[in-house]
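Worksheet: the structure to be examined is printed underneath.
The values are calculated or read from the model by the stated rules, or taken from the named source; none is laboratory data. This structure is a prediction, so every number in the text was calculated from the model and none was measured. In this analysis, Cβ positions are derived from the backbone assuming ideal geometry, glycine residues included, and neighbour counts consider all displayed protein chains.
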Amino acid sequence: MIKHMTITIDKPKKEDIKDIQDILREWRTEEDANMYGKAILDEIEGKTTEETIYRNMRFWTAKNDDKAIGIICLCEPLPKLSPFFKSEKPGAIQILYIHNQWRHQGIGRKLVSTVESEARNQGYTELIVRSAPVYETTAWVFYDKVGYQRVGTSPTKDGTEMMQVFYKKL
Ligand SMILES: CC(C)(COP(=O)(O)OP(=O)(O)OC[C@H]1O[C@@H](n2cnc3c(N)ncnc32)[C@H](O)[C@@H]1OP(=O)(O)O)[C@@H](O)C(=O)NCCC(=O)NCCS
């Protein structure tokens with residue numbers, strides 16, 4: 001059977017939030033799924049600012065026809081990542097998840113490249129990504145392949161694990 005796919009990258013709409021939360025629930029807690037759902041809604045409603053706890057989160061979604069199958073977020077990096085900053089306007093990729101059935105088909109690469117060009121347009125000069133050890137086999141080589149350098153580690157909020165820090169100059 002030939003699989004027809006029409007993948008588009010777009011800003012999320014209200015009706016995409018449920019699909020996006022389902023993707024997040026494959027990997028994250030219910031609390032996180034709710035928090036990101038609210039952050040997406042805030043952006044749609046124009047309430048996102050640099051001052052909110054959401055650190056200016058801006059989202060893009062990959063869609064197959066009408067269904068959201070991937071999500072990525074650009075935001076301001078956590079201040080504790082400042083030792084990794086090398087230029088005047090660093091940004092961060094906060095979340096990146098592709099629906100399990102759609103992994104390894106080039107969609108992650110498309111989402112990263114969308115965020116990079118949006119970030120460049122908005123004056124960002126570099127991007128930082130933090131990735132937890134649980135993603136070592138699912139994502140770290142992906143970040144290598146899309147041009148990010150492994151520049152060090154940073155502890156999780158509760159200090160129990162070290163996250164891998166990736167860096168790309170824009
Ligand atoms: C990691 C993830 C976002 C990558 O997106 P994707 O759509 O599957 O990746 P792509 O198909 O765009 O892959 C781009 C390149 O990375 C490689 N790659 C992707 N995942 C890989 C993996 N787990 N191991 C080795 N290489 C990988 C691909 O082979 C491809 O290489 P190529 O250009 O040489 O062919 C996605 O697989 C995913 O959501 N994984 C589960 C959750 C996760 O780990 N999220 C990241 C949290 S920090």
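Being farther than 15 Å from Ala139 by Cα and over 12 Å from the mean Cα position of the chain (by Cα) is the filter here, so list the residues in region 104-119 that pass it. Of everything in region 104-119, those that are farther than 15 Å from Ala139 by Cα and over 12 Å from the mean Cα position of the chain (by Cα) turn out to be Ser117, Glu118, Ala119. Can you tell which of Val141, Val115, Val146 is closer than 23 Å to Ile23 by Cα, within 13 Å of the ligand (Cβ to nearest atom) and crowded, with 21+ Cβ neighbours inside 10 Å? Val115 is the lone residue from the list that is closer than 23 Å to Ile23 by Cα, within 13 Å of the ligand (Cβ to nearest atom) and crowded, with 21+ Cβ neighbours inside 10 Å.
Looking only at residues in region 81-111 that are part of a helix (DSSP H, G or I) and in contact with a strand residue (DSSP E or B) (Cβ under 7 Å, 6 or more places away or on another chain), the one that is farthest from Arg130 (Cα to Cα) is Trp102.
Taking region 16-68 as the range and being hydrophobic (A, V, I, L, M, F, W, C), in a loop (DSSP other than H, G, I, E, B) and within 16 Å of the chain's Cα centre (by Cα) as the test, the residues that pass are Trp27, Met57. The set of residues in region 83-110 that are within 15 Å of the ligand (Cβ to nearest atom) and among the small types (Gly, Ala, Ser) comprises Ala92, Gly106, Gly108.
Scan region 120-138 for residues that are within 11 Å of the ligand (Cβ to nearest atom) and under 15 Å from the mean Cα position of the chain (by Cα) and the total you get is 6.
Determine whether Glu15 is exposed (fewer than 11 other Cβ atoms within 10 Å of the Cβ) and either modelled with pLDDT of 95 or more or at positive phi (or both).
Yes: the conditions hold for Glu15.
Residues in region 118-128 that are among the hydrophobic types (A, V, I, L, M, F, W, C) and either touching a Lys or Arg at 6+ places or on another chain (Cβ under 8 Å) or surrounded by fewer than 17 Cβ atoms within 10 Å (Cβ to Cβ) (or both): Leu127 alone.
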